[in-house]
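The values are calculated or read from the model by the stated rules, or taken from the named source; none is laboratory data. This is a predicted model, so every value here is computed, not measured. Every residue, glycine as well, gets a Cβ built from its backbone with ideal geometry; the counts of neighbours run over all protein chains shown.
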Number of protein chains: 2
Amino acid sequence: MNKEDYFLEKFIKPCTEICELFPLEVGDDCAVISSSKDVLVSTDSSIENRHFPKDLNPYFIAYRSVAIAASDVIAMGSYPAGYLLSISHPDPTDAWFKDFAHGIRDFNNLHKTKLVGGDLTKGSLNICVTVFGEVQKKILKRNAAEVNDDIYISNILGLGREGYKSFLDGDTSIPNQYIQPKLMTKKDVLHLNPLTNSAIDISDGFLLDLDRLCAASQKGAEISITNEILKTDLEDVVAGDDYILLFTANKSNREEIVKILPKSKIVGEIIEGTGLKIKNSLGKELNFDEFGWDSFKS
Amino acid sequence: MNKEDYFLEKFIKPCTEICELFPLEVGDDCAVISSSKDVLVSTDSSIENRHFPKDLNPYFIAYRSVAIAASDVIAMGSYPAGYLLSISHPDPTDAWFKDFAHGIRDFNNLHKTKLVGGDLTKGSLNICVTVFGEVQKKILKRNAAEVNDDIYISNILGLGREGYKSFLDGDTSIPNQYIQPKLMTKKDVLHLNPLTNSAIDISDGFLLDLDRLCAASQKGAEISITNEILKTDLEDVVAGDDYILLFTANKSNREEIVKILPKSKIVGEIIEGTGLKIKNSLGKELNFDEFGWDSFKS
């Protein structure tokens, strides 16, 4: 057996599982999706030294890579039902794959999701994850924000940034939103879905992702940055790596939303026009050179 | 606009197209698959210096990466209806993306397929392609070969190897199966589907892929390597990069199959037992140290 098949057979295949939605056992050239509903799909690459540091334990490489891909499906109002992995690795070992598979299994167990296929090839470390979720009540798009909508974040900003700092300090205790992003649960996603107008996940920075949502909706936003929405300081609004949900909803839904997501915060509202009007708690206007993370800035 | 969004907007988005099967316009966190049938899906990474050489024109990087991923869907009896791209690139430029997008458009036009979403991030050059195809009459699996089935290859072996040699010699004239793999047409795939029992695409080497099919089917194979199935010499049976179809079919279907695929060859038959019995045209047994390509051998 060649090495590629060896690792796939020994470590990846035991993490896979068939179910009604993915009925074909792993081992062919494709997986099969069998759904009576429309299916959301997103693909996302996590790359060593870009999305995770070189010395991160493979357990967290697996967990984090799948979680941040799954976050895109949650951002559109569904939950991750299953996913494919395309792994490239310069020099895999049994020890590496053992930890990696452990991360996969823990993510799957927590989120009741399945690994349904994958491949492995030699190359610099790159975990490409393709996630599927069945469309629920509605698809939450970026372009459907309405004027006067409340703008919500599902949790405070800066937890990913704080987690990254802890990791750099040698502290890998959990919870840590950077190395093991906590996502919204399936139950919360399903309850929230019909109450929201538009959504995006915060990955590249709160301001940047809000700007994308506003641009897609051809609307503006007026937001207030108060200490209660920040974990550490003002840099949290551009730091990214939050993997929480940014969404907009009609003001009439406030009571229901806070019941579903007690940690969520209203940070402002959608207005006519374009662009972001950002104020601090004293009403003073804030200006930012950068709204978030750019892959191509070093 | 950050650089990631710039390249996606300028070069990738114009290559995308909505249709009944992929009804959501690009620009959200996910694509949507809307099918009343089951859907095949495969994900495949093409990596610089592993799957394609460093100085390959981006036109061919795009074409080849999508083609070899699409080959997996064809191997299961369908055709590529649409796909997602996850591109990582160390330092993209307008010139690079212009050629890359040209390759995408040419592949899409020829195969009547659609790019339905993608992302871009900084990293070593890696094109991860996730391809979808609706299940047709049946799913061609590796595990369904029957004793006495004819074993077919859809074209001769070694065209990929020859194409690679031409490329190294500075000859990039077309046709070249390495830099621009020619796949089976949708029409041929659909006609062939009900006539075959099992299939796999030849990517890592004819013997290796046949061995995988036999192992999955818990059968053996007796094959005869004659000059008429080789482009150059005996190394063609282990060289890989063919991206042609290896399939098995009941002997009663010979006449129909040759009509659909006049270039196809019968190379042997499925037998009871396990493993490959390989003979040359004189009936002399041949032994091979390696059956094909192993990612993790350098």
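Exactly one residue out of B:Glu9, B:Glu25 is assigned to a loop (DSSP other than H, G, I, E, B) and assigned by TED's automatic domain parsing to the domain that holds B:Val116, and it is B:Glu25.
Of all residues in the stretch B:239-298, those satisfying the criterion of being hydrophobic (A, V, I, L, M, F, W, C) and in a loop (DSSP other than H, G, I, E, B) are B:Leu261, B:Leu282, B:Leu286, B:Phe288, B:Phe291, B:Trp293, B:Phe296. For A:Pro80, state whether it is more than 10 Å from every other protein chain (Cβ to nearest Cβ), over 19 Å from A:Val131 (Cα atoms) and in contact with a helix residue (DSSP H, G or I) (Cβ under 7 Å, 6 or more places away or on another chain). No; evaluated as a whole, the condition is false for this residue. Exactly one residue among B:Ser42, B:Ser34 is within 25 Å of the chain's Cα centre (by Cα), within 14 Å of another protein chain (Cβ to nearest Cβ) and crowded, with 23+ Cβ neighbours inside 10 Å, and that residue is B:Ser42.
Checked against the criterion of being at pLDDT 95 or above and more than 8 Å from chain A (Cβ to nearest Cβ), the candidates B:Leu85, B:Leu110 yield just one match: B:Leu110. The residues in the stretch B:97-119 that are surrounded by fewer than 23 Cβ atoms within 10 Å (Cβ to Cβ) and either in contact with a strand residue (DSSP E or B) (Cβ under 7 Å, 6 or more places away or on another chain) or outside any helix (DSSP H, G or I) (or both) can be counted, and the count is 4.
Residue check: is A:Ser173 crowded, with 23+ Cβ neighbours inside 10 Å, away from chain B (no Cβ under 14 Å) and among the hydroxyl-bearing types (Ser, Thr, Tyr)?
No.
Evaluate the stretch A:56-66: report whether one residue or more is farther than 19 Å from B:Ala31 by Cα, under 15 Å from the mean Cα position of the chain (by Cα), assigned by TED's automatic domain parsing to the domain that holds A:Val32 and of a type in the set (Lys, Arg). Looking for residues that are farther than 19 Å from B:Ala31 by Cα, under 15 Å from the mean Cα position of the chain (by Cα), assigned by TED's automatic domain parsing to the domain that holds A:Val32 and of a type in the set (Lys, Arg), one finds at least one in the stretch A:56-66, hence yes.
Consider the stretch A:89-101 and keep the residues that are farther than 16 Å from A:Gln180 by Cα and out of contact with any Leu (no Cβ under 7 Å at 6 or more places or on another chain). The one that is farthest from the other protein chains (Cβ to nearest Cβ) is A:Lys98. Evaluation of A:Pro194 against the conditions (1) part of a helix (DSSP H, G or I); (2) within 9 Å of chain B (Cβ to nearest Cβ) shows that the sole unmet condition is (2). Taken as a whole, the stretch B:18-34 holds at least one residue that is of a type in the set (Gly, Ala, Ser) and farther than 18 Å from A:Leu84 by Cα. Quick check: anything in the stretch B:273-281 within 14 Å of chain A (Cβ to nearest Cβ) and touching a residue at least 24 places away in the same chain (Cβ under 8 Å)? Checked the stretch B:273-281: at least one residue is within 14 Å of chain A (Cβ to nearest Cβ) and touching a residue at least 24 places away in the same chain (Cβ under 8 Å).
This table checks each residue for (1) surrounded by fewer than 21 Cβ atoms within 10 Å (Cβ to Cβ); (2) out of contact with any helix residue (DSSP H, G or I) (no Cβ under 6 Å at 6 or more places or on another chain); (3) under 30 Å from B:Val135 (Cβ atoms).
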residue: B:Asp149; (1), (2), (3): no, yes, yes
residue: B:Gly160; (1), (2), (3): no, yes, yes
residue: B:Gly163; (1), (2), (3): no, yes, no
residue: B:Lys182; (1), (2), (3): yes, yes, yes
residue: B:Leu195; (1), (2), (3): yes, no, yes
residue: B:Ser217; (1), (2), (3): no, no, yes
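Can you name every residue in the stretch A:197-235 that is assigned to a strand (DSSP E or B) and more than 21 Å from the chain's Cα centre (by Cα)?
Those that are assigned to a strand (DSSP E or B) and more than 21 Å from the chain's Cα centre (by Cα): A:Gly220, A:Ala221, A:Glu222, A:Ile223, A:Ser224, A:Ile225.
Whether a residue is within 14 Å of chain A (Cβ to nearest Cβ) and touching a helix residue (DSSP H, G or I) at 6+ places or on another chain (Cβ under 8 Å) was assessed, and B:Ile202 passes this test.
In the stretch A:45-77, the residue that is farthest from A:Asp204 (Cα to Cα) out of those that are facing chain B (nearest Cβ under 10 Å) and in a loop (DSSP other than H, G, I, E, B) is A:Gly77. With respect to the conditions (1) within 13 Å of another protein chain (Cβ to nearest Cβ); (2) within 29 Å of B:Ser203 (Cβ to Cβ); (3) without any contact (Cβ under 8 Å) to a residue 60 or more places away in the chain, B:Glu20 falls short on a single one, namely (2).
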